[in-house]
Amino acid sequence: MRILLTGASRGIGRAIAERLAKPGAHLALCASVSSREHDEAVSVCRNRGAEVEGLVGDLRDPATPAALVEKAAASLGGLDAIISNAGIVAPGMLAELEDEAWDRIFSVNVRAPWMLARAAQPHLAASKGSFVAVASMSGVEPYPGTGAYSPSKAALIMLVRTLALEWAASGVRVNAVSPGLFLSAMTAPIYADPEKKAAREALIPMHRIGDPVRDLAGVVEFLISSDAGYLTGQNILVDGGLLGSIHSHIAGRPKSGGAA
């Protein structure tokens, strides 16, 4: 399978890259800048038997998505899947947020996936391929204090649903996966604090923080596989049951039977 993956250098993107890296796989691993982490990701995936092309481009630049698609398709001989994983966050209250911060978040989290999809559509139509976006539980329920992040991820989920309907007749599937509380490069400082980590784990019905390798990479692999061949327009929430557990935190709820 010929796959373009953005945000591949670390965290969730690195976990997905390593999951997909196996003999017969052809990967274009994209990063915003050249770095030791990106070089390591490319090397590790090659050592696992995959054919790997390392690409670099800043997704805030509107010219980058199409350039990445063109380079990847030329190098890999076409594309079977796009995994739009790259995303950024900038904390802040919406009433105090600067215009530049809003635009920067939306340029990477929404505009770039749309432009990747638009550029890749002819290739995906030719291969009857698929597009997967990594969204967030913060796009399903608001996460105050993260500025434009929640609005951008909500827009990304709706972008996926719209593309799925527009492309269904051409045989191209479009889905999203929304992680809950996961260990990643962005969240590592939080989970380095044992008290904060324990407090978050206590809220999750499965009582643990998600691991990108164990809990998420396989979901993405499934979504681009033929096993998900009749699945499109979906947002798969991978959160250990967190968002659905609100009633379990209500004081005085019945322990069994009945309704409060």
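Residues checked against (1) closer than 20 Å to Y143 by Cβ; (2) at pLDDT below 95; (3) not small (G, A, S):
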{"residue": "V89", "(1), (2), (3)": "yes, yes, yes"}
{"residue": "E100", "(1), (2), (3)": "no, no, yes"}
{"residue": "S107", "(1), (2), (3)": "yes, no, no"}
{"residue": "R111", "(1), (2), (3)": "no, no, yes"}
{"residue": "L116", "(1), (2), (3)": "no, no, yes"}
{"residue": "H123", "(1), (2), (3)": "no, no, yes"}
* Any chance the range 114-125 includes a residue that's more than 17 Å from L242 (Cα to Cα) and aromatic (F, W, Y)? -> yes
* Verdict on A126 being under 19 Å from the mean Cα position of the chain (by Cα) and either within 28 Å of S107 (Cβ to Cβ) or surrounded by fewer than 22 Cβ atoms within 10 Å (Cβ to Cβ) (or both) -> no
* Asked: Can you tell which of I204, I190 is touching a Lys or Arg at 6+ places or on another chain (Cβ under 6 Å) and either surrounded by 17 or more Cβ atoms within 10 Å (Cβ to Cβ) or β-branched (V, I, T) (or both)?
  -> I190
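Please count how many residues of the range 188-228 are among the hydroxyl-bearing types (S, T, Y), without any contact (Cβ under 8 Å) to a residue 12 or more places away in the chain and touching a helix residue (DSSP H, G or I) at 6+ places or on another chain (Cβ under 9 Å).
First, the residues of the range 188-228 that are among the hydroxyl-bearing types (S, T, Y): 191, 225-226.
Next, only the ones that are without any contact (Cβ under 8 Å) to a residue 12 or more places away in the chain stay: 225-226.
Imposing the further condition that a residue be touching a helix residue (DSSP H, G or I) at 6+ places or on another chain (Cβ under 9 Å) reduces the set to none.
Residues meeting the conditions: 0.
State which residue is surrounded by the fewest Cβ atoms within 10 Å (Cβ to Cβ) when the search covers only the range 140-158 and only residues that are under 15 Å from V177 (Cα atoms) and hydroxyl-bearing (S, T, Y).
Going residue by residue through the range 140-158, those that are under 15 Å from V177 (Cα atoms) are 140-141, 150, 152-158.
Now narrow it down to the ones that are hydroxyl-bearing (S, T, Y): 150, 152.
On the way: S150: 22, S152: 26.
Checking each candidate, the answer is S150.
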* Asked: Does A168 satisfy the criteria of being hydrophobic (A, V, I, L, M, F, W, C) and either under 24 Å from G7 (Cα atoms) or within 13 Å of the chain's Cα centre (by Cα) (or both)?
  -> no
* Structure fact -> Within the range 28-78, the residues that are within 20 Å of P122 (Cβ to Cβ) and among the aliphatic types (A, V, I, L, M) are A28, L55, A63, A66, A67, L68, V69, A72, A73, A74, L76
* Scan the range 94-113 for residues that are within 23 Å of S184 (Cα to Cα) and among the hydrophobic types (A, V, I, L, M, F, W, C) and jot them down. => A101, W102, I105, F106, V108, V110, A112
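State whether the residues of the range 222-233 include one that is within 28 Å of A25 (Cβ to Cβ), crowded, with 19+ Cβ neighbours inside 10 Å and among the polar types (S, T, N, Q).
First, pick out the residues of the range 222-233 that are within 28 Å of A25 (Cβ to Cβ): 222-233.
Going one step further and asking which of them are crowded, with 19+ Cβ neighbours inside 10 Å, we end up with 223-224, 232.
Of the ones still in play, those that are also among the polar types (S, T, N, Q) are 232.
The answer is yes; a qualifying residue exists.
Kindly indicate which of V238, V220 is under 20 Å from G7 (Cα atoms), in contact with an Asp or Glu (Cβ under 7 Å, 6 or more places away or on another chain) and not aromatic (F, W, Y). First the steps, then the outcome.
On the way: V220 fails: in contact with an Asp or Glu (Cβ under 7 Å, 6 or more places away or on another chain).
Going through V238, V220 in turn, just one is under 20 Å from G7 (Cα atoms), in contact with an Asp or Glu (Cβ under 7 Å, 6 or more places away or on another chain) and not aromatic (F, W, Y): V238.
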* Asked: Which pairs have Cβ atoms under 7 Å, sit 6 or more apart or on different chains, and link a residue in the range 66-86 that is within 13 Å of L27 (Cβ to Cβ) and at pLDDT 95 or above to one that is of a type in the set (G, A, S) and in a helix (DSSP H, G or I)?
  -> L79/A72; L79/A73; L79/A120; L79/S127; D80/S127; I82/A117; I82/A120; N85/G13
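The values are calculated or read from the model by the stated rules, or taken from the named source; none is laboratory data. These numbers come from a predicted model, not from an experiment. When we count neighbours, we look across all protein chains shown, and the Cβ atoms used for this are built from the backbone with ideal geometry, even at glycine.
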